[in-house]
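Step one of this worksheet: look at the structure below.
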Amino acid sequence: MSRANDGTLDRREVVATLLRDPGELLVVTGLGAAAYDVAARGDRPLNFYLWGAMGGAAMIGLGLALAQPKRRVLVLTGDGEMLMGLGSLATIAAAQVANLAIAVLDNARYGETGSQHSHTGLTTDLAAVAAACGWIATVTARDMDQVRALRDRLRRESLFAVLRIAPDEKPRHLPPRDGAYLTDRFRRALGVAAV
């Protein structure tokens with residue numbers, strides 16, 4: 001079965017809405033557009049940007065959620081990155097962590113390598129995959145009313161959300177790219193001593 005990408009949401013508006021008043025929310029981004037959009041919304045020490053770790057954002061989020069059980073963790077990533085880490089959905093569902101949510105900016109494209117079509121524009125429904133892996137709550141948002149309704153849910157539920165964004169390119173807003181700096185800054189913001 002073939003499906004066209006039905007995403008029309010503006011990704012910057014989606015991210016700005018989800019991260020309005022982030023407070024103490026820990027945000028992990030996949031590489032590429034998710035990192036650019038989170039940084040454009042406002043760089044802060046509690047944002048952890050992954051550079052060169054394609055497919056690892058969800059598992060980094062799981063590790064943080066387990067290590068910081070009293071903190072809320074939001075993984076914000078793209079469909080290409082999530083497709084590379086599908087096994088993480090089963091692992092996270094099995095771990096049953098209550099303080100982790102994942103939001104996938106799905107434009108049905110591999111934006112970092114030339115905007116080739118990804119499987120989410122063809123046959124793969126990431127929300128259905130997450131549900132099949134054991135996630136209790138999954139949702140797909142296609143309009144801004146649905147995105148606004150998700151903002152609070154992502155901060156209180158173990159939720160897997162797919163946000164169908166338009167494939168439009170946006171100007172890149174690069175966050176810091178030094179991995180050691182980002183790690184140290186994030187650890188200090190968490191109050192964790194350096195090793």
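A short reminder: the numbers here are calculations on the coordinates, not readings from a lab. Just so we're clear, the structure is a prediction, and the values are computed from it rather than from any experiment. Here the Cβ positions follow ideal geometry from the backbone for every residue, glycine too, while neighbour counts run over all protein chains shown.
Side notes on the structure shown:
- Counting neighbouring Cβ atoms within 10 Å and putting the fewest first, the residues Ile60, Ile102 line up as Ile60, Ile102.
- Think of it as helices only: each DSSP H run of n ≥ 4 in the chain is worth -39500 (n - 2.57), and spread over all residues that comes to -11000 deg cm²/dmol at 222 nm.
- Among Ala53, Ala161, Ala40, residue whose mean-square fluctuation peaks in a GNM of the chain (springs only between Cα atoms under 10 Å): Ala53
- Between Ala16 and Ala137, the simple label model (points 7 Å from Cα in the Cβ direction) yields a spacing of 2.6 nm.
- Note on Phe186, Phe48: ascending count of other Cβ atoms within 10 Å places them as Phe186, Phe48, the fewest first.
- Simple spin-label estimate for Asp168 and Ala90 gives 3.9 nm between the two label positions (7 Å along the Cα-to-Cβ direction from each Cα).
- Maximal additional length on extending the Ala98-Arg187 stretch stands at 29.9 nm, based on 0.36 nm per residue less the C-alpha distance.
- Ordered by the count of other Cβ atoms within 10 Å of each Cβ, fewest first, Leu100, Leu174 give Leu174, Leu100.
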